[in-house]
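One structure below.
The values are calculated or read from the model by the stated rules, or taken from the named source; none is laboratory data. These numbers come from a predicted model, not from an experiment. Quick reminder, even Gly has a Cβ in these numbers, built from the backbone with ideal geometry, and neighbours come from all protein chains shown.
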Amino acid sequence: MTAVAGPDGGLRCPWALATEDYIAYHDTEWGRAVHGDDALYERLCLEAFQSGLSWLTILRRREGFRAAFSGFVIAEVAEFGPADAQRLLADEGIIRNRAKIEATLANAKVLAQWEPGELDALIWSHVPEPGRPAPAVISEVPAVTPESTALSKALKKAGIRFVGPTTAYALMQACGLVNDHLAACAARDPA
């Protein structure tokens, strides 16, 4: 499936037209460069929570996640203890998955020990070489790449949990390390 005209007539990746939530996310965030340790930690956490679920589920609970996890400020989440973990397991504004919550808290504790900018540098060191052709159809968009596999391995080696190659690739897409907007999509090269 190729790019499809949206309600405003603009061509978009077909997945973006499922809901207004997706249109806004697709047009203003997905594939745009994200920098900063806390911002990347948020995306890393949300991609981990999405594993096995629809991204729409996460997108619609995003503000609940931000409230529950102190805006994804690494230094603050790193201070969370057992009482916070129990609070999160009861929080209906997020996905109450024990393994994902524990990984989010453990990852903050690891990242709090890093130098400022270290997470940003690690993630952005896995940008693919330029020249990859723009996908013309959805079936040309990969789920895993050698770069996402390498990023996953690097993050795991550093002690980060719940980040397999598919999650790492979704992170790369969401944070602009790769541009998987279809060739005809208006958001591919926004003015």
Of all residues in region 160-175, which are under 17 Å from ASP38 (Cα atoms) and either β-branched (Val, Ile, Thr) or free of Cβ contacts under 8 Å to residues at least 12 places away in the same chain (or both)? ILE160, VAL163
Between a residue in region 32-51 that is β-branched (Val, Ile, Thr) and any residue that is crowded, with 23+ Cβ neighbours inside 10 Å, which pairs come within a Cβ distance under 6 Å, given they are 6 or more apart or on different chains? VAL34/CYS175
It is to be established whether one or more residues within region 176-183 are more than 21 Å from HIS35 (Cβ to Cβ) and in contact (Cβ under 8 Å) with a residue 40 or more places away in the chain. yes
Hey, which of the helices (runs of 4 or more DSSP H) in region 42-93, taking only ones fully inside, have at least 3 residues that are aromatic (Phe, Trp, Tyr)? none
Does LYS109 count as touching a residue at least 40 places away in the same chain (Cβ under 8 Å) and charged (D, E, K, R)? no
Are any of the residues in region 5-16 touching a residue at least 40 places away in the same chain (Cβ under 8 Å), over 27 Å from LEU182 (Cα atoms) and not hydroxyl-bearing (Ser, Thr, Tyr)? no
Only one residue in ILE74, ILE23, ILE58, ILE101 is farther than 25 Å from LEU151 by Cα and either among the β-branched types (Val, Ile, Thr) or modelled with pLDDT under 95 (or both), so which one is that? ILE23
Can you spot a residue in region 121-144 that is touching a Pro at 6+ places or on another chain (Cβ under 7 Å) and closer than 25 Å to GLY36 by Cα? yes
